[in-house]
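> First, the structure itself, so that you have it in front of you.
The values are calculated or read from the model by the stated rules, or taken from the named source; none is laboratory data. None of the values given here were measured: they were computed from a predicted structure. Positions of Cβ are backbone-derived with ideal geometry, glycine not excepted, and every protein chain shown enters the neighbour counts. Quick note on the areas: whole protein, heavy atoms, side chains included, nothing else; ligands and nucleic acids left out. Shrake-Rupley method; radii C 1.70, N 1.55, O 1.52, S 1.80 Å.
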Amino acid sequence: MNEIATVLDRAGILTPEQREHWKMAWLSTVDHKRIGILYMVTGLVFFVFGGIEALLIRLQLAVPNNTLLHPDTYNMVFTMHGTTMIFLVAMPVLFGLANYIVPLQIGARDMAFPRLNAFSFWLVPFGGILLHFSFLAGGAPAVGWFAYAPLSETPYSSQPGVDYWALSLLVLGIGSVGANINFIATVLCSRAPHMTLRRLPLFSWMIFVNAFLVILALPVLNAGLVMLLIDRLLNTHFFLVPGGSAIMWQHIFWAFGHPEVYIVAIPAFAILSEIIPVFSRKPIFGYEFVAGSTVAIAFLSLGVWAHHMFTTGLGHTVDLFFVASSMLIAIPTGVKVLNWSATMIGGRLRFDTPMLFCVAALVQFLVAGLTGVSHASAALDWQTKNSYYLVAHFHFVFVGLIVFTILGALHYWIPKMSGRMLSERLGKWSFWLMVVGFNMTFIIQHFLGLAGMPRRVYTYADLPGWAWMNMVSTIGAFFMAAASLLFVWNLIVSLLHGRKAGDNPWKAWTLEWATTSPPPHENFHNLPPIRSRRPLWDVANPDRPDPVVGSRGDIDQFRPERNKTSIVAFIISETGFFTVLILAFLYYNATPQPGPNPHELDLFKTGLFSVCLFASSFTIWRAETGLRHNNQRRMIGWLSATIVLGGIFIGGQGLEYWHLFKSGVGVNSNLFATTFFTLTGFHGLHVCVGLIALFVLLGLALAGDSKKRPWPGLDAIGLYWHFVDVVWVVVLSVVYILPRIR
Amino acid sequence: MSTEQFLFSAWTWNPVVLIAAGIGLAVYLFAFRAERRIGWFLLALAVFLLTLVSPINSLADGYLFSAHMLQHIVLLLIVPGLLLLSLPRSLSLSWRPRILARPLTGWIAGVGAMWFWHWPTLCNAAVTWRSVYALQTISLLVLGTLFWGQIIAPRDEERLSPPGAVLYLFSACVACSSLGIILTFSPVTVCSIYTMPVSDRLGMWETIRTGWRFTAEKDQQIGGLLMWVPMCFIYLGAIFAQIARWFGEAPAARPVTQQT
């Protein structure tokens, strides 16, 4: 640890005073730059874990009928490799990068919510430790990163590994949502004065768009994880017979899982869109198309998850629709590839290490895209889905595109973070090792797959051709490991002895290069004028500046209040969570089941309590009006009334639960009871959270806090409270009313 | 009846529809003359007639839920959209009552029309009674116009701003897709009248069930999928148009190669 500290010290990231207390300086920081670095270092640590697991997998598969790893151990290693690489490496590193770069690129002082930022980060190590603790607690999960039911259910995985897996993913999911709400609020509310939305650098734009994808997709997984945990810990059967459906898990998982691919790919696209123009010495070709196609990809990705499930027997009809829609995704992605290529055409290309990684990523991503489109065809998918062909495909995406762009980005931006250049010589060595190793490992897996080698197997028979192909693949993996080690070596050596970078070593054009390297705590002392998408080009070339990107007035200048913005983003996210739970309720209760049923619920009493909850929406609105008219007493009165009404509702819910429990209805009685308690329970939890927030507000108001300054908290909590009420309108109709009138 | 016979003979030349189309054309010509935008209007009229006169209508009338869904989507999302596009850009909608000018009203109109008419009782009633069916058709056109009015009102300043429009369309897409997902995977029949035909007016059951191999389950599934996937793509298409609008005013000409 001390070595790392010394290295970072040398790099000048800490001030002399902070150096005295370097541990606290890192542990307690709320500075986006340090949090960004913490994210990346955490990602790097887990990359070592995931990498070792990958090497173990490849060693086990190097020769046929190998006995190096026990089958169970193999399953654990392979589950942990997938989970670690996606949730603990790709996402943290990309979020960390965005954390560091986005505020600088938009000329902000910090993220919109520095403390939320620190909280979101610290959930990553927490989740990671939780996941790895399972090794000590009786065995890591051994169910694949997708944890298909029913294998992931208690009867088939009785070890607590899956519980740790689900809990840690829940923790990480909450962290991701928090981080991305923060990105949205930062880009919308903290931009420098003339940084209009249409002047955003592509990197920031794409992180902004991606943030919406994250807050929409992660809650879907969270809902599924909650259901899985309830299944495992409370003996219910969401995903188990009788009544439950294993396919339901796949739907939920892939409704998250497909967008997840883009959640890590869009930041990679963002990096490409930033680096390729700089090293081609040209502005990006077709900014509007690159920016627009990102939005297209984000939306399309949310609606096509069923193509991951062609082999589950959804039926010809369903397959047909998703074959067609999945193929459409190739269009916006193709647009991007063409734009990047066109940016390079006619440019003065400079092949420094960052550009080398990006060009390789571009080519490899093209291959990944082509094999990806081939999977969109259901008939072909049936043949290749469970083979190494698919393994090769998604590693071309995750390694070929994402890891390569991350490495490119690190070579590009580390000089900004540390003030010192990485060594070009070592960088080129690690690049070539990486390219050779990567392609050796994964190109051949396409052929292995087409030759019939199934994925997820711990060993294989000595079939013609399989042995040498697997051996080639394993050797390639070690090339990649060597490349990674070389990169880390490069990092350490360069941080200690690297050439000074100066403010703008690459002669790039976005605002992060307008400040010192590393940037001061407050990021900028003064900003250059921002009239186009490349402010530093305009500064360097005053005689031929970029065309001014006009402002469309209000929309471009849109700068909402940050508390409200974050709550709106949070509401969007929670809508996703409740949508899944409500759809699950409808699905599982489509046909009446033996045991307790909706007719046993007391509609009259619940109706009364619901009226209280709905009335509280009115009272909080009155409280807001009171605040606006600066009438403290009225505001406090209405706020208290809201708390009382909310309390009555929760009390009523408790009463209903009590009656149900007394009559012997528990969460595991039947699927109606399970879905009922899950849905109303989570709604109740949200009411309780709202009540806590209201109590905090009331306490602050009583202490006179609301008199002093603008008090945006009430409006924001009010929005949340209305949302909780709207959810209850839907829950009330779906759970209590619908079954009665059908 | 075989498929060919059906395709040739199952046209419902409903005089009300034809007269309505004729009046619509006359009104358009009278009000706006035959300017360039009449193309949109003729297209809207053609789509409108095709949905209500062609064999799709015969199928939707008691035979196939999926045909009904196709009709539903076209009448709610395509015809009103084309109609709004056919209006001259100078036409102001400021005469709308304030309640109709609100985005929330438009959103509820568009999404509500989907959910409301697929309530099992109403869905069956629309097939059983001509009057309910007529009401449904008219309401879809009206609600669809309310929905699209927020996005493609003739005047730019009466439309939602692009970011707002994206949110509006995307949330509508999610709300409709949810229903589509329910219909696709629902183990129970939503619109039971399509599974148990009251009468086989055209003698088509044989062809549909054995010739086209449309079972009742498959029929509902296709209906749900139509709502889930292609319908969502209409919204997505509109979202892409909004993005194009958002970036549309950017300067067109810029230097191709610049060197430092």
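> Check B:Glu206 against each of (1) under 30 Å from B:Pro88 (Cβ atoms); (2) open to solvent by 30 Å² or more (accessible area, probe 1.4 Å); (3) more than 10 Å from chain A (Cβ to nearest Cβ) and name the one condition it does not meet.
(1)
> What's the number of the only condition in (1) in contact with a strand residue (DSSP E or B) (Cβ under 6 Å, 6 or more places away or on another chain); (2) within 12 Å of chain B (Cβ to nearest Cβ) that A:Ser326 fails to meet?
That leaves (1) as the condition not met.
> Looking at segment B:208-223, I want the residues that are on the phi < 0 side of the Ramachandran plot and have a partner that is open to solvent by 50 Å² or more (accessible area, probe 1.4 Å) and at pLDDT 90 or above with Cβ atoms under 9 Å, at least 6 apart or on another chain. Which pairs are those?
B:Gly223/B:Leu70
> Of the residues A:Pro160, A:Pro114, which single one is in the same structural domain as A:Glu274 (by TED's automatic domain parsing) and within 21 Å of the chain's Cα centre (by Cα)?
Just a single option satisfies the conditions, and that option is A:Pro114.
> Okay, moving on. Has segment A:173-187 got any residue that is in contact with a Lys or Arg (Cβ under 7 Å, 6 or more places away or on another chain), at pLDDT 95 or above and not in a loop (DSSP other than H, G, I, E, B)?
Checked against the condition, which is being in contact with a Lys or Arg (Cβ under 7 Å, 6 or more places away or on another chain), at pLDDT 95 or above and not in a loop (DSSP other than H, G, I, E, B), segment A:173-187 yields at least one hit.
> Considering every residue within segment A:615-632, establish whether at least one is open to solvent by less than 20 Å² (accessible area, probe 1.4 Å), among the hydrophobic types (A, V, I, L, M, F, W, C), within 37 Å of the chain's Cα centre (by Cα) and assigned by TED's automatic domain parsing to the domain that holds A:Gly690.
Yes, there is a match, as at least one residue in segment A:615-632 is open to solvent by less than 20 Å² (accessible area, probe 1.4 Å), among the hydrophobic types (A, V, I, L, M, F, W, C), within 37 Å of the chain's Cα centre (by Cα) and assigned by TED's automatic domain parsing to the domain that holds A:Gly690.
> Quick test for you: out of A:Phe672, A:Phe661, A:Phe682, pick the one residue that is part of a helix (DSSP H, G or I) and surrounded by 20 or more Cβ atoms within 10 Å (Cβ to Cβ).
Step by step, each of A:Phe672, A:Phe661, A:Phe682 is checked, and only A:Phe672 is part of a helix (DSSP H, G or I) and surrounded by 20 or more Cβ atoms within 10 Å (Cβ to Cβ).
> Within segment A:534-549, how many residues are part of a helix (DSSP H, G or I), aliphatic (A, V, I, L, M) and buried (at least 18 other Cβ atoms within 10 Å of the Cβ)?
1
> Here is a follow-up. Just give me the residues in segment A:340-375 being open to solvent by less than 10 Å² (accessible area, probe 1.4 Å) and within 14 Å of chain B (Cβ to nearest Cβ), in sequence order.
A:Thr343 - this is the single residue of segment A:340-375 that is open to solvent by less than 10 Å² (accessible area, probe 1.4 Å) and within 14 Å of chain B (Cβ to nearest Cβ).
> Is it the case, given these coordinates, that B:Val16 is in a helix (DSSP H, G or I), more than 19 Å from B:Arg209 (Cα to Cα) and open to solvent by 50 Å² or more (accessible area, probe 1.4 Å)?
yes
> Then there is this: Of everything in segment A:37-79, what is out of contact with any helix residue (DSSP H, G or I) (no Cβ under 6 Å at 6 or more places or on another chain), farther than 17 Å from A:Gly161 by Cα and β-branched (Val, Ile, Thr)? Give them in sequence order.
Scanning segment A:37-79 gives A:Ile37, A:Val41, A:Val45, A:Val48, A:Ile52, A:Val63, A:Thr67.
> Here's a follow-up. Of everything in segment B:210-226, what is away from chain A (no Cβ under 11 Å) and in contact with a helix residue (DSSP H, G or I) (Cβ under 9 Å, 6 or more places away or on another chain)? Give them in sequence order.
Result: B:Gly211, B:Trp212, B:Ala216.
> Before we move on, is A:Phe677 open to solvent by less than 30 Å² (accessible area, probe 1.4 Å), without any contact (Cβ under 8 Å) to a residue 24 or more places away in the chain and either assigned to a helix (DSSP H, G or I) or of a type in the set (Asp, Glu) (or both)? Don't jump to the end; show me each part of the working.
Numbers: open to solvent by less than 30 Å² (accessible area, probe 1.4 Å): yes; without any contact (Cβ under 8 Å) to a residue 24 or more places away in the chain: yes; either assigned to a helix (DSSP H, G or I) or of a type in the set (Asp, Glu) (or both): yes.
When the stated conditions are applied, A:Phe677 passes them.
> Next up: Can you name every residue in segment B:224-244 that is assigned to a helix (DSSP H, G or I), touching a residue at least 40 places away in the same chain (Cβ under 8 Å) and closer than 17 Å to A:Val323 by Cα?
Of everything in segment B:224-244, those that are assigned to a helix (DSSP H, G or I), touching a residue at least 40 places away in the same chain (Cβ under 8 Å) and closer than 17 Å to A:Val323 by Cα turn out to be B:Gly224, B:Leu225, B:Leu226, B:Met227, B:Trp228, B:Pro230, B:Met231, B:Cys232.
> Related question: Those residues that are under 16 Å from B:Pro55 (Cβ atoms), part of a helix (DSSP H, G or I) and out of contact with any Leu (no Cβ under 6 Å at 6 or more places or on another chain), I need them from segment B:207-221; list them, please.
Narrowing segment B:207-221 to residues under 16 Å from B:Pro55 (Cβ atoms): B:207-208, B:211-212, B:214, B:219.
Okay, now just the ones that are also part of a helix (DSSP H, G or I), so B:207-208, B:211, B:219.
Across segment B:207-221, the qualifying residues are B:Thr207, B:Ile208, B:Gly211.
> Right, something else. Please determine whether any residue of segment B:31-52 is open to solvent by 60 Å² or more (accessible area, probe 1.4 Å), assigned to a loop (DSSP other than H, G, I, E, B) and either under 30 Å from B:Ala216 (Cα atoms) or modelled with pLDDT of 95 or more (or both).
No, that holds for no residue.
> If you check every pair at least six apart or on different chains, which have Cβ atoms under 6 Å apart with a residue in segment A:457-478 that is touching a residue at least 60 places away in the same chain (Cβ under 8 Å) first and a residue that is outside any loop (DSSP other than H, G, I, E, B) and among the hydroxyl-bearing types (Ser, Thr, Tyr) second?
Every condition considered, the pairs that remain are A:Tyr458/A:Tyr74; A:Ser473/A:Thr441; A:Ala477/A:Thr441.
Here's the yes/no breakdown for (1) part of a helix (DSSP H, G or I); (2) open to solvent by 30 Å² or more (accessible area, probe 1.4 Å); (3) of a type in the set (Ser, Thr, Tyr):
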| residue | (1), (2), (3) |
| --- | --- |
| A:His411 | yes, no, no |
| A:Met434 | yes, no, no |
| A:Gly437 | yes, no, no |
| A:Thr441 | yes, no, yes |
| A:Tyr460 | no, no, yes |
| A:Met471 | yes, yes, no |
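> Whether any residue in segment A:501-515 is closer than 20 Å to B:Phe247 by Cβ and more than 10 Å from chain B (Cβ to nearest Cβ) is what I want to check.
Scanning segment A:501-515, I find at least one residue that is closer than 20 Å to B:Phe247 by Cβ and more than 10 Å from chain B (Cβ to nearest Cβ), so the answer is yes.
> What is the residue count in segment A:79-103 for residues that are crowded, with 24+ Cβ neighbours inside 10 Å and either hydrophobic (A, V, I, L, M, F, W, C) or without any contact (Cβ under 8 Å) to a residue 24 or more places away in the chain (or both)?
The total comes to 14.
> Given the options A:Thr333, A:Thr294, A:Thr311, A:Thr236, name the one that is within 14 Å of chain B (Cβ to nearest Cβ) and either out of contact with any His (no Cβ under 9 Å at 6 or more places or on another chain) or surrounded by fewer than 22 Cβ atoms within 10 Å (Cβ to Cβ) (or both).
Exactly one residue qualifies, and that residue is A:Thr294.
> Among the residues of segment A:553-572 satisfying the criterion of being away from every other protein chain (no Cβ under 13 Å) and not basic (Lys, Arg), which is farthest from B:Thr189 (Cα to Cα)?
This residue is A:Glu561.
> List every residue pair whose Cβ atoms lie under 7 Å apart, where the two residues are 6 or more positions apart in sequence or sit on different chains, the first residue falls within segment A:596-610 and is assigned by TED's automatic domain parsing to the domain that holds A:Trp658, and the second residue, located anywhere, is of a type in the set (Ser, Thr, Tyr) and outside any helix (DSSP H, G or I).
Close Cβ pairs satisfying both conditions: A:Pro596/A:Ser669.
> Next question, about the same structure. Could you please find all residues in segment A:587-612 being of a type outside the set (Phe, Trp, Tyr), buried (at least 18 other Cβ atoms within 10 Å of the Cβ) and within 13 Å of chain B (Cβ to nearest Cβ)?
The one that is of a type outside the set (Phe, Trp, Tyr), buried (at least 18 other Cβ atoms within 10 Å of the Cβ) and within 13 Å of chain B (Cβ to nearest Cβ): A:Asn589.
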